[in-house]
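Peer 1: Okay, handing you the structure first.
Values in this text are rule-based calculations from the coordinates and carry no lab data. No experiment lies behind these values; they were computed from the predicted model shown. Please note: Cβ atoms are built from the backbone with ideal geometry, for glycine as well, and neighbour counts cover all protein chains shown.
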Amino acid sequence: MRRALVLASALVVTCSAAFSAQSKTLDIYWIDVEGGAATLVVTPSGESMLVDTGYETDGRDAKRILSAAQQAGLKQLDHVVISHYHGDHVGGLAALSKMIPIGRVYSRGDTISVPADQKWYDSMRSVSAGKRTIVGPGDRIPLTGVDAVVVSSDHQMLAKPVNGGGPNALCATAEQKAPAGFENQAGVGVLLTYNRFTFLDLIDMDWATEMELVCPVNKVGAVTLFQSNRHGAWNGAGAPAFLNAIRPQVLVFNNGPRKGLGQVQEAKTTTPPGVNVAPYEQNHFLRAAAIPGIEGIWQGHLSLFDKDPKHNTSPDMIANVEETAECQGHFIKASVESNGQFTVTNGRNGFSRTYKAR
């Protein structure tokens, strides 16, 4: 009898451990770096990937990344992807490398277009010495249990569509815009797949490069969750032929209080005269809200450029509402279950919503 009870107890413990292991989630943290970019991915097995490191800013963003990593229970960052060599994406790397061990570093190639980017490129080379991998479209970041494929790098796109991508009829009447600059167009973009759930992170990809990615063939298919490119400054990004082809269920704007969403700039149109272009929403938030099938829009910040409630998401779904000087740096977190159900939570107020990947 005693032996039977011991075996029964052992079976309960084993089953409980197995259930616990199976119930772990894929977690994604959008860390507030004031309109830069820093996205932390933690797989169900506990492996980590950080995409970009925010600004230099006296170590502020590195500290925020470290705080998120500690909350996720991480002792190191296994993989760090540096999308391109702008200070709002690689500025925090040097300070971060002194706070937490960094494993492999992935980046685009070595071409620098303007002297201002040299400092950030040199910082990346210093931190990644002996552990850097240059990636191109189709390469994969080796995450256990999660497929992380590079979809763009160094002005090149995937050769063949993935994730059910195919011909894109929206291209026929799509407006064309002038490129937003060498560095933004050269960035590393990544598509993550975890069973039914997909996450697309294209960093600072501009309108012209979006069109390359989805026209005439949509190379990335429809995605579950999309992190806004260009921080939501969609005057020179957010092409409808792109947004309405990838059709995200949920979108996260990684904007700052006065950067990205709500920012107004000129973007030169290069569509030939006489070509009829399908009309589209000029306001960037409303353009996101008009994406077919969109179920939720989250913001890193209230746009202080344009605080109109109609041009921002629900207050419960905005992580930070202050000017930079008063900002607490709250993050947004998505926790994805193996069956495709995922919950997005606002770090400021604990508000959450649950979705199911289509």
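Peer 1: Among DSSP bridges having both ends in segment 179-245, what percentage is antiparallel? Round to the nearest 5.
Peer 2: Roughly 60 percent of the DSSP beta bridges within segment 179-245 come out antiparallel.
Peer 1: Most exposed first by the Cβ proxy, i.e. fewest other Cβ within 10 Å, how do Leu50, Leu74, Leu225 rank?
Peer 2: Exposure proxy ranking, most exposed first: Leu74, Leu225, Leu50.
Peer 1: Moving to a separate point now. Over the Cα atoms of segment 24-356, what radius of gyration and what Dmax do you get, in Å?
Peer 2: When restricted to the Cα atoms of segment 24-356, Rg and Dmax are 18.3, 58 Å.
Peer 1: Compute the FRET efficiency between Glu323 and Ala290 as 1/(1 + (r/R0)^6), taking r as their Cβ-Cβ distance and R0 = 30 Å, and round to the nearest 0.05. Walk me through the numbers before you get to the answer.
Peer 2: Details: r = 29 Å, r/R0 = 0.98.
It comes out at approximately 0.55.
Peer 1: Greater than 19 Å separation of Cα atoms is the criterion. Which listed pairs, Lys219/Lys268; Lys24/Lys63; Lys63/Lys259; Lys24/Lys333; Lys75/Lys98; Lys63/Lys131, meet it?
Peer 2: Lys219/Lys268; Lys24/Lys63; Lys63/Lys259; Lys63/Lys131
Peer 1: Using the count of nearby Cβ atoms within 10 Å as a rough guide to exposure, how do Glu326, Glu183 rank from fewest to most? Write out the running numbers ahead of the final one.
Peer 2: Values: Glu326 9, Glu183 22.
Ordered from fewest to most neighbouring Cβ atoms within 10 Å, Glu326, Glu183 come out as Glu326, Glu183.
Peer 1: Please list, or write none, the aspartates and glutamates whose alpha carbon is within less than 14 Å of the alpha carbon of Lys307, excluding same-chain residues fewer than 8 places away.
Peer 2: The reachable aspartates and glutamates, counting only those whose Cα sits under 14 Å from Lys307, are Glu322, Glu323.
Peer 1: What order do you get for 335-341, 203-209 when each peptide is scored by the mean count of other beta carbon atoms within 10 Å, highest first?
Peer 2: Ranking the peptides 335-341, 203-209 by packing returns 203-209, 335-341.
Peer 1: Could you point to the residue in Ser152, Phe305, Phe182 farthest towards the positive end of segment 24-356's charge dipole, with +1 and -1 charges on the Cβ of Lys/Arg and Asp/Glu respectively?
Peer 2: Among Ser152, Phe305, Phe182, the one farthest towards the positive end of the dipole of segment 24-356 is Ser152.
Peer 1: Which of the peptides 242-254, 58-70, 262-274 is most tightly packed, and how do the rest follow, judged by the mean count of other Cβ atoms within 10 Å per residue?
Peer 2: Values: 242-254: 24.2, 58-70: 20.0, 262-274: 11.5.
Result, highest mean Cβ count within 10 Å first: 242-254, 58-70, 262-274.
Peer 1: How are the Cα pair distances of segment 103-192 distributed, in percent, across 5 Å bins from 0?
Peer 2: Calculated over all Cα pairs of segment 103-192, the distribution is 3, 11, 17, 19, 21, 13, 8, 6, 2, 0 percent.
Peer 1: For the chain, find the longest principal axis of its Cα atoms and tell me its angle to the long axis of helix 60-71, 0 to 90°, nearest 10.
Peer 2: On a 0 to 90 degree scale, this one is about 30.
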